[in-house]
Structures are given as structure tokens and as C-alpha cells.
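Remarks on the structure that follows.
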Amino acid sequence: MVSIPVKLFTATESKDVSFRQLHGEDNSRVRQLRWCAAEDKEIPYEEIVRGYEYAKDRYVVLEPEDFEKLPLASKHTIELEAFVSADEIDPVYYEKAYYLEPDETGMKPFALLLRALEEKGLTTIAQVAIRSKEQLCAMRPQDGRIMLETLFYPDEIRLRNLEPVDTVDVSDEEMQIAFTLIEMLEQPFAPENFKDEYCDALMTIIDAKLEGQEVVQAEEPETAKVIDLMAALKASVEATKVGNGKSSEAGTKPTRKASGRRRKAAAG
Amino acid sequence: MLDQLDGGAKTLRLLVGDNEIALTNLDKVMWPKIRGQRALTKRDLLVYFAGVAPVLLPQLRDRPLTLTRYPNGIEGDYFYQKHNEQAPPFVETIGVYANNRDQQFMLCNNLGTLLWLGQVADLALHTSLARVDPEPDGHLHSTQFTGSKEQIEASLLNYPDFVLFDLDPYIYSGKEGAGEEPELNRKAYHTTVQVAQWLKELLDAASLSSFVKTSRAMGLHIYVPVLRNFDYAVIRSIAETLGGFLVRAYPREVTMEWSVEKRAGKVFFDANQNARIKNLASAYSPRAKPGAPVSMPLRWDELDDVYPTDFTILTAPDRIESAGDLWAGILDAKHDIRALIDSA
């Protein structure tokens with residue numbers, strides 16, 4: 001077994017359009033509360049523990065110390081376990097792709113591994129710790145670097161028993177038609193020829209609405225805007241007075257410089 | 001007194017009224033030299049405080065302070081301080097329940113205290129938006145500030161004099177390293193001015209008076225004085241509502257995003273400074289930033305003609321002399337938000 005210190009960089013990102021949930025009446029943000037079902041009240045984050053549901057409504061609670069006891073390989077080291085041929089790995093096992101780069105101290109073994117994989121045309125199977133979870137992964141050479149793909153463990157692959165289709169009768173003629181069709185469309189794989197048209201169309205609608213909204217706001221009669229504003233102010237005052245008495249203390253909100261925090265006050 | 005300060009002695013015992021203040025290390029550099037301006041010392045800070053005291057003291061009066069002390073200047077370590085056992089007897093204090101206990105907060109209600117703040121290198125004068133004095137509009141709320149969270153929440157210190165809008169541009173010059181704050185740049189300032197003017201339109205439409213000043217770097221603070229009818233939670237919600245209006249109308253310029261990355265290229269509309277004992281640098285306060293900028297009150301019609309770096313502890317006195325005290329009447333310009341929304 002060989003271990004190599006490395007750095008990982010996510011190779012893919014989803015370009016899905018994401019939405020926020022709003023209250024349709026006033027377009028204000030819908031806030032998610034951590035609600036205690038027993039006491040029927042909101043509870044702070046500090047009071048949350050992790051429970052494993054071993055039977056319906058029966059939990060065993062795990063403390064942070066319990067997680068610390070778990071054996072976990074060093075985050076930045078990859079333990080090589082086996083070398084295999086890539087076509088032995090069913091694509092269903094592939095989870096997420098990363099670019100792999102050597103850590104400073106790992107230059108030499110990294111280069112050696114890359115060259116060896118290239119020469120042998122093999123993929124190596126390894127264990128790596130990503131976000132405190134031990135992951136199975138496959139690494140293969142690609143254009144002078146190493147790609148790492150995390151793999152599902154076999155028990156994470158769902159089994160589904162389907163009616164076998166090879167018992168259905170297909171005539172030779174039908175097969176010929178299918179072959180002709182395939183030959184017509186046979187070509188090198190060129191992913192750049194495809195794009196997410198649903199996503200593009202959605203962004204077009206959003207852009208149009210944004211444009212439109214600015215124009216509408218500008219042309220809106222001043223009085224309408226004021227009435228609108230006063231109504232919104234009134235609503236926000238009423239809403240805050242109801243749930244008052246817990247949110248005046250400074251520091252109950254994340255500080256403004258806190259990067260990466262997504263919680264945001266309702267922009268009513 | 002200014003002559004005494006300017007005299008060149010390294011230490012000084014200054015008589016202010018009946019009080020004697022020991023001033024030490026007067027030549028210690030607080031703000032190192034930058035291009036176009038010499039290094040500024042504790043003496044410069046004290047000369048500034050003494051010179052602008054007539055306009056500065058009214059802004060600080062009766063507002064609990066949070067000291068931001070930089071004993072070795074802006075490039076050294078700094079710490080916050082709310083109570084100080086070594087404070088001289090003329091520094092007024094008030095017991096306030098904060099961080100789960102009663103603490104003696106300081107008030108800057110006289111010239112002696114202001115100079116002592118300079119002596120202990122409190123380079124930015126942070127005060128509460130709420131005052132301990134019920135005059136003239138706070139008689140409905142208790143002046144019992146100690147004992148418990150309930151007491152403080154029912155008290156005057158939970159009812160601010162202002163709705164505060166903190167506009168902070170995250171518009172980068174392109175020269176910053178990863179994760180650094182934006183550097184000074186004209187585009188950032190002018191976009192902030194534009195957003196401030198849009199906000200003013202909204203406030204004008206709602207018949208609310210608004211006062212504007214420069215903030216820390218390229219940002220602007222807008223203060224809207226209001227009768228003390230509403231506590232911080234309601235005031236913050238009002239600020240958020242106005243922010244929401246601006247974000248919807250000008251989504252390309254204004255943001256209320258929590259994630260710093262998502263604020264890039266826009267002006268961050270921060271409503272969350274409307275919170276108890278969240279402290280903001282007062283009008284005319286110096287800032288612990290290179291060049292010793294001052295949080296300077298501005299006229300709404302001059303925003304485009306000035307630039308935040310125009311005002312430093314060296315230039316601010318002349319500016320104040322020629323422009324007058326633009327924030328003198330801020331507490332007399334209060335409006336009643338409750339009446340406004342009830343009549344809507």
C-alpha cells in the first residue's frame with residue numbers, strides 16, 4: 001500500500017437555476033425555524049444534537065466526541081488499494097469528479113503514479129477522506145494530470161429487479177432499421193454540442209422580468225409607490241411586534257463580515 | 001488649551017474646568033504616514049478632539065460607549081472596552097445589563113471625557129443608537145437598565161433615536177488579494193451615492209427626514225431620526241423593508257446577501273446595525289483607517305462633489321467651519337413612524 005499527500009479540487013459544478021422560497025402575499029423570504037416538536041417552540045442551534053433513528057421515533061444520540069473516536073485517514077493523503085482496468089468499473093459507481101494535485105512533499109510519488117498509470121493504461125482504486133467521510137475513489141490519468149472520481153460503496157447502489165427484455169421478439173428487419181439509425185448518428189463524443197435549453201429559457205424569462213420590473217418601478221406613479229411602501233412598513237411593524245422580545249440583542253444575527261453564511265433576514 | 005497641546009511637550013497635565021487630565025506619549029504615531037499626508041500622532045488626535053468638541057460632544061451625549069482602543073496605533077493590536085475601572089472621576093458611567101451581566105458603561109458627556117478617550121487611544125468613537133436620557137420623547141420607557149434581559153428590553157436603551165442604514169459597497173478595484181476588503185475606488189463610492197439617493201427618494205416619499213455621513217471607507221451611513229415608539233426589532237424590520245424595496249427595484253446595484261461573495265459588484269444594504277449595543281462610529285468620529293478619515297456629515301446635494309478621503313482629522317475642522325454643523329438639529333427632526341403608518 002502506498003500513500004501520497006495530495007490536494008483535491010472539485011471538477012464539476014451544477015448550473016441549475018436556484019430559487020428562494022417566498023411568501024406569495026408579500027414576496028418576503030420564508031424563514032426555516034428549528035422547531036422543537038415536544039415544547040412547540042423555536043430552539044437555538046446550540047441545543048441541537050444528532051440522533052440516529054434505530055426504530056420509529058427511537059433514537060440513540062451521538063455526541064461530537066463519538067465522531068472524534070472514529071478512525072479516519074489523514075485528509076490529504078490517498079491510500080492506494082488496487083489497480084484495475086477502467087472498463088471493469090460500472091459507471092453507476094461514479095459519484096463526483098475532482099482534479100488531483102500533488103502536495104509539495106508528494107511531487108515525486110505523484111509524478112511516478114501518473115506516469116505509471118499512463119504507461120499501463122490502468123485506473124487505481126483508493127481510499128480518501130473528504131469532508132470527514134471516508135470515500136472510495138478511482139483515479140485515472142487524463143491529459144497529463146490525475147482525475148479522481150469518488151465511487152459509491154456497493155451497498156449504496158440500489159438493486160432493482162426488472163422484467164428481462166431479451167425475451168421480447170425482434171425481427172431481423174427491425175434490427176436492420178435500428179443499425180441504420182445508429183450508423184447515421186455515430187460520431188465522436190462532443191459534449192460541447194449539447195446545452196441545457198431548459199436552463200437557458202428560464203434565465204431568459206428571469207432577465208425579461210428583471211428588465212420589466214425596473215421599467216415598471218420607474219413609471220409607477222409616485223403615490224402608488226408610497227402607498228405600497230407604507231403598507232409594507234405597516235406589515236413589517238405589525239409582524240415584528242407580534243414576535244417581539246427575543247431579537248433585540250446584538251449578536252443574535254450572524255455578523256456582516258461572516259463569509260459563506262446564507263441565513264439572511266427577510267427582505268420584506 | 002489648544003496652544004498647550006501644540007506646545008511640543010511629550011506629556012502634559014491639562015486642566016479642563018476643575019479636572020486635571022494626564023496626557024502621555026503625545027508624539028506616539030497613531031496613523032502612519034500615507035501618500036500626501038504625514039504621520040498623525042496622539043497629539044493630532046487630541047488637537048482634533050479639542051477643536052471639534054462643540055459639534056462632536058452633542059452627538060455622543062448620553063449614548064453608552066464601546067471603546068475601540070489602539071494603544072500602538074492603527075497597525076497594532078486593538079481591543080474593545082465597555083467599562084474601565086481606571087477612568088477618571090469626571091467620566092460619567094451608567095449600569096447596563098449586557099452580555100448576561102450588569103456592566104458600568106461609560107458616557108462621553110464632557111470635554112474632559114473626550115480628551116481622556118484620546119489619551120487611551122480610542123481611535124473611533126462608537127456609541128449606541130439609543131440614549132439614556134428620556135428627554136423629550138422617551139418618557140414611556142423605563143430608565144432601569146440593569147438587572148435582567150427583560151429590564152433592558154423594556155428600557156430606553158432598547159428604543160433607538162434613529163433608523164440606521166449602512167450602505168457598504170463591495171465593488172472592487174481589482175487590486176485586492178483574494179478575500180480582502182475592497183480598496184478605495186471612485187466607482188464604489190459613486191454607486192453608493194446612487195443607492196443612497198434612491199433610498200432618500202423612498203424616505204422623502206414617506207415624509208421622513210434623513211441625514212447622511214461618510215462611514216468607514218467608501219460607504220455611507222444614513223440616519224433617520226424617529227420618535228422612540230419602536231424598539232430595535234421593529235426599527236430593524238423597518239430598515240429591512242426599505243432595503244427590500246431597493247433590492248427589488250435595483251437588483252443590479254443593491255444587495256442584502258449574507259454571503260460576501262454574492263455581494264461582489266453591489267452595494268450591501270445592511271439593516272442589521274439596528275441592534276442594541278451594536279455600536280457605530282458617531283458623526284465627526286475619526287476612523288481607525290489609513291490617513292485618519294473622519295465620519296463626516298454631508299449635505300444631500302453635495303454627495304457627488306466630495307470624496308470620503310477629503311475628510312481627515314487634519315482637514316475636517318476647516319470643513320466643519322465652512323459647512324457648519326449639519327447634524328446639529330438631528331434630534332429635532334424626528335418623525336413619528338407609528339402615526340405615519342397608521343394614517344396610511
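Worth pointing out:
- Under the Karplus curve 6.51 cos²θ - 1.76 cosθ + 1.60, θ = phi - 60°, whole-Hz ³J(HN,Hα) for region A:30-38, x wherever Gly or Pro sits: 8, 9, 9, 10, 8, 10, 7, 5, 6
- In this simple spin-label approximation, A:Ala97 and B:Glu20 carry label points 7 Å from Cα along the Cα→Cβ vector, and these lie 7.9 nm apart.
- Count Lys and Arg as plus one, Asp and Glu as minus one, and take only other residues whose Cβ is under 9 Å from that of B:Lys42; the net charge is then 0.
- The label-point distance for B:Ser142 and A:Asn161, in a model that sets each label 7 Å from Cα toward Cβ, rounds to 7.2 nm.
- Inter-centroid distance (Cα atoms) of region A:86-153 relative to region B:105-145, Å: 62
- Carbon + sulfur, % of accessible area of the protein assembly as shown - ligands and nucleic acids excluded, 1.4 Å: 52
- Cut-off under 5 Å, modelled amide H: who pairs with A:Asp196 long-range: none
- Members of region B:295-343 that become less accessible by 50 Å² or more once partner protein chains are added (1.4 angstrom probe, chain alone as reference): B:Ile341
- Per residue solvent-accessible surface (Å²) - the protein assembly as shown, probe of 1.4 Å: 56
- Pairs spanning more than 29 Å between alpha-carbon atoms, out of B:Lys10/B:Lys213; A:Lys234/B:Lys278; B:Lys187/B:Lys262: B:Lys10/B:Lys213.
- At R0 = 60 Å, FRET efficiency that the Cβ-Cβ distance of B:Glu75 and B:Ala339 yields, to 0.05: 0.75
- Inter-probe distance in nm under a simple model that places probes 7 Å from Cα toward Cβ, at A:Ala37 and B:Val29: 6.4
- In this structure, B:Asp332 and B:Ala264 have a Cβ-Cβ separation that, at R0 = 35 Å, corresponds to a calculated FRET efficiency of about 0.30.
- Averaging the sequence gap over all C-alpha pairs within less than 8 Å and six or more residues apart, then dividing by the number of residues, gives chain B a relative contact order of 17 percent.
- The residue list B:Pro160, B:Gly219, B:Asn185 was ranked by how far each Cα lies along the charge dipole of region B:154-221 toward its positive end, using unit charges on Cβ atoms, and B:Asn185 comes out on top.
- Within chain B, the whole DSSP H helices whose Cα atoms reach 20 Å or more along their own axis and whose mean Kyte-Doolittle score is at least 0.5 are B:42-60, B:232-249.
- In order through region B:207-218: 3J(HN,Hα) via Karplus (6.51 cos²θ - 1.76 cosθ + 1.60), integer Hz, x for Gly, Pro: 6, 10, 7, 9, 10, 10, 8, 6, 10, 7, 10, 9
- Contact surface A-B: accessible area buried, both sides summed, square angstrom, 1.4 angstrom probe: 4100
- Extension reserve of the A:Arg20-A:Ile206 stretch, reckoned as 0.36 nm per residue once the Cα distance is removed: 65.6 nm
- Amide proton proximity set for A:Ala129, modelled H, under 5 Å, gap of 5+: A:Thr77, A:Gln135
- Kirkwood Rh in Å, taken over region A:62-206 so that all alpha-carbon pairs contribute: 19.8
- Gyration tensor over alpha-carbon atoms, region B:17-170, equivalent ellipsoid semi-axes in Å: 30, 18, 15
- Put simply, the C-alpha atoms of the protein assembly as shown give a gyration tensor, and the ellipsoid matching it has half-axes of 57, 32, 27 Å, longest first.
- This model, with +1 at the C-beta of Lys and Arg and -1 at the C-beta of Asp and Glu, gives the protein assembly as shown a dipole about its Cα centre of some 2800 debye.
The values are calculated or read from the model by the stated rules, or taken from the named source; none is laboratory data. Computed from a predicted model, the values in this text were never measured in an experiment. Methodologically, a virtual Cβ is constructed for each residue, glycine included, from the backbone with ideal geometry; neighbour enumeration extends over all protein chains shown. For accessibility, only protein heavy atoms count, side chains too; no ligands or nucleic acids. Shrake-Rupley method; radii C 1.70, N 1.55, O 1.52, S 1.80 Å.
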